[in-house]
Structure formats: structure tokens, C-alpha cells
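All of the numbers you see were taken from the coordinates with simple rules; none came from a lab. For clarity, every value in this text was computed on a predicted model and none was experimentally measured. Cβ: placed from backbone, ideal geometry, glycine included. Neighbour counts: every protein chain shown.
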Amino acid sequence: MLSITDLHVSPEGPEEASILKGVSLEVKRGEVHALMGPNGSGKSTLAKAVAGHPDYHVTKGQIDYEVDGKKVGLLDWEPDERARAGIFLGLQYPVEIPGVSNENFLRTAFNEVCKAQGLEEMDPYDFDQYLREKLDLLEMDGSFLKRSLNEGFSGGEKKKNEILQMAVLAPRLAFLDETDSGLDIDALKIVAKGINSLRAQHNAIVLVTHYQRLLNYITPDFVHVISDGLIVKTGDSSLALELESKGYDWVVRA
Amino acid sequence: MNDGDALEALLAPYKALGQTGPDSLHALRSLGAKGFADKGLPGRKDEAWKYTSLKGLTGSYAWKSEGERFPGTPPVDLLDQRIVFYNGHWDKTLSTLGPGYRFFPLKEERDFDPLTRQLQGEDCFTDLALTYCREAYRLEIEERGERPLGIYHFMDKNFEGTMAHPLLIVHAREKSKAHLFEFTSSTEDLGSALYNAHTLITLGQGAHLDHVRIFKSRKGLMPFSKVLAQIHKEARYGNAALALGGSFLRNDLRVELLGEGAHVSLGGLYVHDTNEDSSHVSLIDHKAPKTSSRQLYKGLLNHHSHAFFQGTIVVGKDQADIESSQLNNNILLSDTARVDSRPVLEIGHCDVKCTHGTTIGQMDGEQLFYLRSRGFDESKAKRFLARGFCEETLFPIENESLHRLSADYLERSILEKIGDGEEGP
């Protein structure tokens, strides 16, 4: 579903030093991948490059994405086109948007994705029902919907709100960037439960994380270690445990 | 036409008029004409007018002492309770008022005396309004109402080449409550026309007034709008002025807080596209201790457009325990848009919490990316952000239906100015 080949990414412009220096990664439908690595290794850069963040310039390599049985190159696609084709990025630091209600935002985003995928928009009553189910899944209160998007939300609330958006939009491919950071243990369990419930044969999830603790609750099929812009090791879920006990130095120096 | 000629031309219809009406009205007019001639039009050296271009003011305007009925269909849906002005005159047939209000034109000798006292010492446009003071009306708010009252100022092609100086006096009794929706609009492009409106507001003890003023005119009309408000003990005044279109607007507010517990909230918004320009000048005078004020002015400027904001806060030396804040935030959507912002603070007492700030920037790239990463195309994402940014300026309006009504107008303007015609947020 996603195949990244020899990806080089630099911030701002081609003259800047690359953060990613030749990453290749294959993600198939139904899989959960964990992308781990020390701070500054390029984990978030990879996630943002896939989502099409305008500040991250791909200087070499390609990102291919399979949509409706066809393989397409993503690099020319705008971020909103990627989103409407089913790619989702859960942000490490979700942005506050005053004056835009969470409910209005969710409904608009949902309808945009539906329209693009040839589905009918949901009428407001049905959407409300649909939204309530997703809120319950994440043990979120209905009052969240009336508030301005992320404005004044605690760190944990913002992260839950990201997973709520994922639940509503039902993406084909989700990159979740440090979704576990800033969560206390109870919130972590709820968020993990939410993510697990969204795991399905028709979609794929890539968890970008610094720590192993999220992986206590979500068992990935593959664990990749990224260091200095390259994937240096790939293994199964036991690799995460090994990293936890031995530290990143063990892989990076090997 | 130079300033001297413009001055002469602006006074010409008055000179041709001779003495009509009660003596006190005549005295008021003479005083206005003299003040206007003495002061002259403001020049570039006057800081409060430096960024307001008066070059569209041609000077030769006809003045009609009698009004006509509005011949067309109002350009917007009218509220059930309303006062309608057509080309500067009260249109009685279109106006309808519910219980709790009294509205009447000023006619009596005694009506005009207090005006002289209240309006002396203002700028030359107030003098000009006094010079042509026949179009003076009084609105009495007697009870506590929840339904908004509309005040509409409509101008059409019959207003071409003319001027009007409507003067409205709003008096809210002690503990009364009302919500005013004021809408100023010209339905057609005009060559040149001057609409110089004044509103004098007095809020009695404990009264509460929400007041929205929307300006949406076509080319050629020069609307000047000045609100002079006196807020007594424990009274609250909320005013939100939205400049949503037009080649010119001058929006002046002067608020005096006269008793303990008096509060004023001012919101101001200018959403401009090519060749649109507006000036927003506020002065809040804390004339009693334990009074508070809050101001939030925002601008969203696209293409070649301009706006000016000047906010003055005055705290006298005997006034303790004052809280006052002022903020002006601007988003420039193009390289050719321009804003001039000028805070002025005159603080005479040390027991004062007073803050001010101005920002000028662009739309936030991370906010835009966030919305786009959820499937919003670029123009829809911009509209959502614009609407969220602008709607905060309605904060002074507590009445829900007035708030919603104003937000609808705001949303439509954003669609027109930075949208692509699609359904809005």
C-alpha cells in the first residue's frame, strides 16, 4: 500500500543538509509498523514527508501509494489530496485553531473525504450518531465537540482528539507521530485501545515513537529503528523490548 | 478641489437654507457651521486622520431636507423590530417597533439644547452634522428586551451626489436591556456621496446594551460613523463594528465610563479586498474609578487594501482600580495590503491594569497544514481560519441571536472576499 524508496528529505530547501538520507520502507495492508529511534533521527520528518508538509522537501527518492488498486507517486500531490486519498497524520503537537469548533471541523473533514472517495455525505443526524460512537470509544465527553479545535486542550486531550479524528476519518494509512508522548498511563491505555480498535485488514498504521511503552498495548508486526536519517535495523515486536533494555546505542553503534 | 473650496461647498446648502425650525435648532446649526468653518477639514498632520484618505470627498453635495419612501426592496432580510433610514431620512412605513421602545424625530425647542452641550468640541464632521441637524431622532429603551432591534441605513442611486447627516440619540433607562443590529449599506455604485452618521448613547445605571454595526457599501459612498457613548454606574456597553466592504469607512467611537462598575467592550473587524479602505478610531475615557474596558480589533486584508486603527485609553489621575486592555491583530494576505496601527495610552493613576498589543502577520502555515492534512483544500482551509480569526471580534455581543445573525453576515463576506464561491464553514 505504501512503498518508500531511497527517500532523501531536507527542511526548507535542497541546499540544506538532508534529515532523511535514503529511507526505504514497505507497508502492506493490515500491518502495524513501529518506527523508533533517538531524538532527531528523522522519524517525524518521514511522517511529515508522507503527509506532504510543505516545509519538508523531498530531494531524492519516491513515495508510492496504492489507491483503488492503482499505484501512484505521491510527491506531486497536495497534502489535502493525500488526506482525501486516505492518508492520515496524527501530529506530535496538534495545532490550536481558535473560532473553529471541533464538531464543525470533524464534519467538514469527514464530508471532504467521503466526497473524494465517491461516498455520499452523511446527513447531520447520522453524523452525530456516528460521532458519538467514536467519542465513546475514546471515553471523550460530548463537550469536546463544542470547543474550539484544540484550543485550551491539555496535552492528553489534544492527543485523544487526534485519535478521534482518525476514528472519524477511517484512513487507509495512518502515521501517528509520538501519539504516546504527554499521556498519563490511563490516557495511554484509552488511546491504545482506540488505535487497536481501528486496526483492520484493509488499513495500515505506522506508529512513530521514542519509547517502547505504547508497544506494551499495541503489538506491531514490524519494528524499524531509524538513526541519522536511515533505517538501520528492522525486526518483529521483540526488537522494541530489546531496545528498551539495551538502549538505542546498541543498534546505532552496531 | 482644494480643502478651502471643499469647505465652502460643504456649507453651501446650509447658507442657502436660511432660518427654519425652532430657535434652538437654528442656534445649534449656526454653532455647527461656525465650528466647521473654523476647524476646516483635518490635514495630514492630525495623527488621528493621517491614514484616512479624504480625497474622495468632493465637497459639492446636495442636501435634502425632506425624505422619501424607500422605493425598492431592502437588500437584506429585515428584523421584525426595526427602524429604517432611507438616504438619511427615517422611513416610517418600513419601520416597526415592539413594546419597550419609543422612537420619534426631534422637533421641540427643548430637544436641541442638550445636543449642543454633548457635541461641542468634537471634530469637524460632528460640526457638519450639527450644521445640518434636521435629521435628528431619539430612541428610548424602556424595558429589558431580548429580541434584537434592527437599525438600517439604506442608500441607493437617488443618493448620488448628495449628503446626509443623520443623528440618532439612544437613551437606555436604568436597568433596561437591548440589542441593536445596525446595518449601513448602499445598494449601487455611486459617483460620490457622503453619509455622516452620529449616534449618541446614554446608558442609565445598570443598563445593558449590545450593539452591532455592520458596514457593507458599494463604491463611491463615504460613510462616516461616530458613536459617542456615556456609560453610567454598573452599566455595560458592548459594540462590535464590522467593516465588510466599501471603498471608504471612517468608524469613530468615544466612550466615557462615568460610574463605578461601568464596562465597555469594543470589537472591531475589517475584512478588505482590492481598493477597500477603512479607519477605526476609538477613545475610551475612564472617568470613574473601578471601571473596565476591553478592545479587540482585527483585520484581514487581501490584495491592494488598507486599514487604520487607532485606540486611545485615557485614565484620569483620580481614577483608581481600572482594568483596560486593547489588542489589534492583523493578517495580511498579500504583499500589497497595508495596515497602520497606533495605540495611545494616557494613564494618570498608578493603580491601573492596562495592556495593549499589535500584531501584523500572515496566515499561520502550521494551522493551514493541519486543516489540509484533514482533507480541506487550500481555499476552504483559509476560509475556516479566516472565519475563526474574525469571529472573535463579536465577543462583546452576549445576545445569542444577535451574535448568530452577525456571524452569518461575516461568513458571507469572507466567502466573497477570500472564497471561491463554495459552501462556507
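Mind jotting down a quarter of the surface of the convex hull over the alpha carbons of the range A:97-169, in square nanometres, one decimal?
4.6 nm²
For chain B, with a Gaussian network of springs between Cα atoms less than 10 Å apart, report the residue from B:Ala229, B:Ala320, B:Ala243 with the top mean-square fluctuation.
Checking each option, the largest mean-square fluctuation is seen for B:Ala320.
In percent, what relative contact order does the range B:310-401 have, based on Cα pairs under 8 Å that are 6 or more apart in sequence?
About 30 percent, as a whole number.
Could you check what % of the DSSP bridge pairs in the range A:2-253 are antiparallel, to the nearest 5?
Just about 60 percent of them are antiparallel.
If neighbour count is taken as other Cβ atoms inside 10 Å, put B:Cys354, B:Cys124 in order from fewest to most.
Lowest to highest Cβ neighbour count: B:Cys354, B:Cys124.
Determine by what factor the alpha-carbon radius of gyration of the protein assembly as shown differs from 2.2 N^0.38 Å, reporting the quotient.
1.17
B:His304 to B:Arg144: extension gain in nm, 0.36 nm per residue of separation minus the Cα-Cα distance?
Working it through step by step, the gained length comes to 53.2 nm.
Of the listed pairs B:Lys290/B:Lys382; B:Lys177/B:Lys216; A:Lys21/A:Lys193, which have alpha-carbon separations greater than 30 Å here?
As for pairs spanning more than 30 Å Cα to Cα, those are B:Lys290/B:Lys382; A:Lys21/A:Lys193.
What lysines does A:Lys71 reach when the alpha-carbon gap must be under 16 Å and sequence neighbours fewer than 8 apart in one chain are set aside?
Qualifying lysines at Cα under 16 Å: A:Lys28.
With runs of 4+ DSSP H residues as the only contributors, calculate the mean residue ellipticity of chain B at 222 nm using -39,500 (n - 2.57) per run, divided by the residue total and rounded to the nearest 500.
Helix contribution divided over all residues of chain B: -7000 deg cm²/dmol.
Please work out how much length the chain gains when fully extended from B:Asp38 to B:Arg69, using 0.36 nm per residue of separation minus the C-alpha to C-alpha distance, in nm with one decimal.
Gain in length upon complete extension: 7.6 nm.
State the volume of the convex hull built on the alpha-carbon positions of the range B:3-364, expressed per residue in Å³ and rounded to an integer.
Expressed per residue, the convex hull around the Cα atoms of the range B:3-364 is 136 Å³.
How do A:Asp123, A:Asp249 line up, fewest other C-beta atoms within 10 Å first?
Listing A:Asp123, A:Asp249 from fewest to most nearby Cβ atoms yields A:Asp123, A:Asp249.
In a Gaussian network model over chain A where Cα atoms closer than 10 Å are linked, find which of A:Ala192, A:Ala116, A:Ala51 has the largest mean-square fluctuation.
In this elastic network of chain A, the residue with the biggest mean-square fluctuation among A:Ala192, A:Ala116, A:Ala51 is A:Ala116.
Can you say what percent of the DSSP beta bridges in the protein assembly as shown, counting only those with both residues inside, are antiparallel? Round to 5.
Among the beta bridges of the protein assembly as shown, antiparallel pairing accounts for roughly 20 percent.
First select every other residue whose beta carbon is under 14 angstrom from the beta carbon of B:Asp285; then total the charges, Lys and Arg +1, Asp and Glu -1.
-2
With +1 on each Lys and Arg Cβ and -1 on each Asp and Glu Cβ, and nothing else charged, work out how big the dipole of the protein assembly as shown is about its Cα centre, in Debye to the nearest 20.
The dipole magnitude comes to about 760 debye.
Could you tell me which helices of chain A pass both thresholds, a Cα extent of 15 Å or more along their own axis and a mean Kyte-Doolittle hydropathy of at least 0.5, with helices taken as whole DSSP H runs?
Length and hydropathy pass: A:185-198.
Can you tell me the order of A:36-42, B:56-62, A:242-248 when each peptide is scored by its average per-residue count of other Cβ atoms within 10 angstrom, highest first?
A:36-42, B:56-62, A:242-248
Springs between alpha-carbon pairs under 10 angstrom, Gaussian network model over chain B: which of B:Lys34, B:Lys382, B:Lys45 fluctuates most?
Fluctuation is largest for B:Lys45.
Calculated FRET efficiency, A:Trp250 and A:Asp55, Cβ-Cβ r, R0 35 Å, to nearest 0.05?
0.60
If neighbour count is taken as other Cβ atoms inside 10 Å, put B:Leu415, A:Leu239, B:Leu78 in order from fewest to most.
B:Leu78, B:Leu415, A:Leu239
When the dipole is taken about the Cα centre of the range B:257-311, and only Lys, Arg (+1) and Asp, Glu (-1) are charged at their Cβ, what size is it in debye, to the nearest 20?
The calculation lands at about 300 debye.
Determine the relative contact order of the range A:2-253: mean sequence separation of Cα pairs under 8 Å and six or more apart, normalised by residue count, in whole percent.
27 percent
List the lysines whose Cα lies under 18 Å from the Cα of A:Lys146, skipping any in the same chain that are fewer than 8 positions away.
Straight-line reach from A:Lys146, under 18 Å: A:Lys134, A:Lys158, A:Lys159, A:Lys160.
Kirkwood Rh, the range B:332-425, all Cα pairs: how many Å?
That comes to 16.0 Å for the range B:332-425.
How big is the range B:255-377 by the Kirkwood estimate over distinct Cα pairs, in Å?
This gives a value of 15.8 Å.
Return the aspartates and glutamates within reach of B:Lys15: Cα separation strictly under 15 angstrom, same-chain partners fewer than 8 residues apart disregarded; answer none if there are no such residues.
Excluding near neighbours in sequence, the set is B:Asp5, B:Asp127.
Arrange the peptides B:170-178, A:139-147, B:259-267 so that the one whose residues have, on average, the most other Cβ atoms within 10 Å appears first.
Ranked by mean Cβ neighbours within 10 Å, highest first: B:259-267, B:170-178, A:139-147.
Toward the positive end of the charge dipole of the range A:1-147, about the Cα centre and with charges on Cβ (Lys, Arg +1; Asp, Glu -1), which of A:Ser18, A:His57, A:Phe110 goes farthest?
Final value for the positive-end residue is A:Ser18.
For chain A, how big is the tail of P(r) above 32 Å, as a whole percent of Cα pairs?
20 percent
Do you know the relative contact order of chain B, to the nearest whole percent, from alpha carbon pairs under 8 angstrom that are 6+ apart?
10 percent
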